[in-house]
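Quick note: the coordinates plus some simple rules give every number you see, no bench work behind them. Please read these numbers as outputs of a predicted model, since none were measured by experiment. As a convention, Cβ positions derive from the backbone with ideal geometry for all residues, glycine included, and neighbour counts pool all protein chains shown.
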Amino acid sequence: MSEDLAKPGWKQIPIAGVPFKKATEYHTGDWRTFKPVIDQSKCTKCLTCWIFCPDDSIVWDGNTVQVDYRYCKGCGICAEMCPVKAITMVKEE
Amino acid sequence: MSWINLRELAKKRSLFTSGHRLCAGCAAGIIGRLVMHSVPDPKHVVVVHATGCWEVAGTIFPYTAWAVPWIHNAFENAAATASGVELAFKALKDKGVVKKVPDIIVFGGDGGTVDIGLQSLSGAIERGHNFLYVLYDNNAYMNTGIQRSGATPRYAWTTTSQVGKVIPGKLEARKPIANIIAAHGNAYVATASPAYWRDLMEKARKGIEYKGPAFIHAISPCCRGWRFPPNMTIRVAKLAVETCAFPLWEYDPETREYKLSPPSLAIAKNPKLKKPIEEYLKLQGRFAHLFKPEKREDLIARIQEDVDKEWNQLLELCGIT
């Protein structure tokens, strides 16, 4: 009994669950079956893929469009919506 | 020039970050990014979440995909929580603790908005709190496994409106939630589709800047629940607008006028552009029973009739006849 009393009570418990880690530490890229590959010679840098990427994994540095494979789940929206068909979905080996 | 300059905007990382665990191809992630990129001041924003897929997938303990202050309370009280947040910041501002009241954005799914959270949302709008409520409408309770909701369209298959010999999916029509909110009279209301991203971002900015309650009803195609391949999300969101199953419009509380947005206005001006509803239905597996084993022309005609009726009503509201 005295041991139980020594345990922290409800007043010590945080009032709500607080997620404290950044989701970016969790790499969702390993969900992928097909990966998008950008043909840089066809790419017109219209950034349509960037708009429609649900995972924010299209990276634009001001010059080229790249895919951040750490997070890309391989949904294929970018390849479907690319107006010049510069993105192809390639099966992961 | 518009504030939307893609090449500049794309250099910024989203406030809803990568690493969230929404399904591949989920439209909620796209809507979230577009809305968060429309925030005028990223340092002064608070996000409130109703329970739903997005709340769960965005913040799986101990991870959070939100780079802004974020609060989740329960299914039924997202709007009430937002009211509290607004009042708390107002009190802190009066005491001189904070300099300004942040923009408050609420995200809720159709279950948490159309069914469970409707009373708290209606109350918060009536009280005139200053917040933007974004409803991402995936047409069912997708988080718990595709159960029918008040937003599920007629004849859609869900796990609680099974398709069989007796019934062809959900028998009832969906609730016109955006019209219900517009009927309050004091809220800025808009419908949006992620396929028309510029339109969605402009509406989000307008909603945030409006001094009072704002509500955006965004269609959020769900590849798992609607049964289509994940790469077709945006195509489906686009067809919903092109077939007038989900027309885009705005309601201005100051003039009390409804206004069609450009993609739908083009259809109103040239009715030839309006695609038959069949094109929208046949992409989705939840409507597969309308096409297989034999084509149910009667049921498709009924859905088309619903769509036409709602569309004509909307045209009347917008003063186009």
- Note on the structure: Note on chain B, DSSP bridge orientation, antiparallel percent to nearest 5 equals 30 percent
- Item | From phi via Karplus (6.51, -1.76, 1.60), per-residue ³J(HN,Hα) for the stretch A:77-93 in Hz, x at Gly/Pro | 4, 4, 5, 5, 8, 4, x, 10, 6, 8, 10, 10, 9, 10, 5, 6, 8
- Query: Dipole of the stretch A:26-91, Cα-centred, from +1 at each Lys and Arg C-beta and -1 at each Asp and Glu C-beta, to the nearest 20 debye?
  - Reply: 220 debye
- Item | DSSP bridge orientation in the protein assembly as shown - percent antiparallel, rounded to nearest 5 | 40 percent
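Sorted by mean Cβ packing within 10 Å, highest first, what order do the peptides B:307-314, B:211-218, A:49-56, B:106-113 take?
Result, highest mean first: B:106-113, A:49-56, B:211-218, B:307-314.
Would you mind classifying the stretch B:14-317 by shape? Square roots of the alpha carbon gyration tensor eigenvalues, ordered a ≥ b ≥ c; an a/c under 1.5 is rounded, otherwise it is prolate if a/b is larger than b/c and oblate if not.
prolate
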- Task: Identify, among B:A182, B:C223, B:A192, the residue whose Cα sits farthest towards the positive end of the charge dipole of the stretch B:147-262, taking +1 on the Cβ of Lys and Arg and -1 on the Cβ of Asp and Glu, with the dipole about the Cα centre.
- Result: B:C223
- Query: Taking the Cα centre of the stretch B:183-321 as origin and charging only Cβ (+1 Lys, Arg; -1 Asp, Glu), how large is the dipole, in debye to the nearest 20?
  - Reply: 540 debye
- Query: Where a Cα-Cα gap under 24 Å defines reach, which lysines qualify for B:K99, not counting those fewer than 8 residues away within the same chain?
  - Reply: B:K43, B:K90, B:K206, B:K211
- Message: Counting only other chains, and only Cβ atoms inside 10 Å, what mean value do you get across the residues of B:21-29?
- Response: 6
- Rounded to the nearest 20 Debye, what is the dipole magnitude of chain B about its Cα centre when Lys and Arg each give +1 and Asp and Glu each give -1 at the C-beta? 860 debye
- Query: Amide H neighbours of A:I58 under 5 Å, counting only residues 5+ apart in sequence or on other chains, H built in-plane at 1.01 Å?
  - Reply: A:D68
- Item | ³J(HN,Hα) computed for each position of the stretch B:305-318 - Karplus, 6.51 cos²θ - 1.76 cosθ + 1.60, integer Hz, glycine/proline x | 4, 4, 4, 4, 4, 5, 5, 5, 4, 5, 4, 5, 4, 7
- Expressed to two decimals, the stretch A:26-91 has a Cα Rg over Rh, using the Kirkwood radius, of 0.93
- Put +1 on the Cβ of each Lys and Arg and -1 on the Cβ of each Asp and Glu in the protein assembly as shown; which of B:T81, A:P14, B:A10 then has its Cα farthest toward the positive end of the dipole? B:A10
- Note on the structure: Taking a ≥ b ≥ c as the square roots of the eigenvalues of the Cα gyration tensor, with a/c under 1.5 meaning rounded and otherwise prolate when a/b exceeds b/c and oblate if not, the protein assembly as shown is rounded
- Query: Can you list the residues, at least 5 places off or on another chain, whose amide H is less than 5 Å from the amide H of B:F215, using H built in the peptide plane?
  - Reply: B:Y133, B:Y188, B:V189, B:A190
- Message: Over the stretch A:26-91, how many pairs of lysines fall under 15 Å by alpha carbon, counting only those 8 or more apart in sequence or from different chains?
- Response: 6
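What does the C-alpha gyration tensor say about the overall shape of the stretch B:26-67? Classify as rounded when a/c is under 1.5, otherwise prolate if a/b is larger than b/c, or oblate.
It is oblate, given that a/c is not under 1.5 and a/b is not larger than b/c.
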- Take peptides B:96-103, A:31-38 and line them up by average Cβ neighbours within 10 Å, highest first, as a rough protection proxy. A:31-38, B:96-103
- Under a 5 Å amide H to amide H cut-off, with H placed in plane at 1.01 Å, what residues pair with B:Y63 once short-range neighbours are removed? A:K21
- Message: Between helix B:233-242 and chain B, what is the angle of the helix's C-alpha long axis to the longest principal axis, kept within 0 to 90° and rounded to the nearest 10?
- Response: 70 degrees
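Counting partner chain Cβ atoms within 10 Å of every residue's Cβ in A:59-69, what's the average?
So the per-residue partner count for this stretch is 2.
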- To the nearest 500 deg cm²/dmol, what mean residue ellipticity at 222 nm is calculated for chain B from DSSP H runs of n ≥ 4 alone, each contributing -39,500 (n - 2.57), summed and divided by the residues? -10000 deg cm²/dmol
- Hey, if you put +1 on the Cβ of every Lys and Arg and -1 on every Asp and Glu Cβ in the protein assembly as shown, which of B:A140, B:H44, A:F52 ends up farthest toward the positive end of that dipole? A:F52
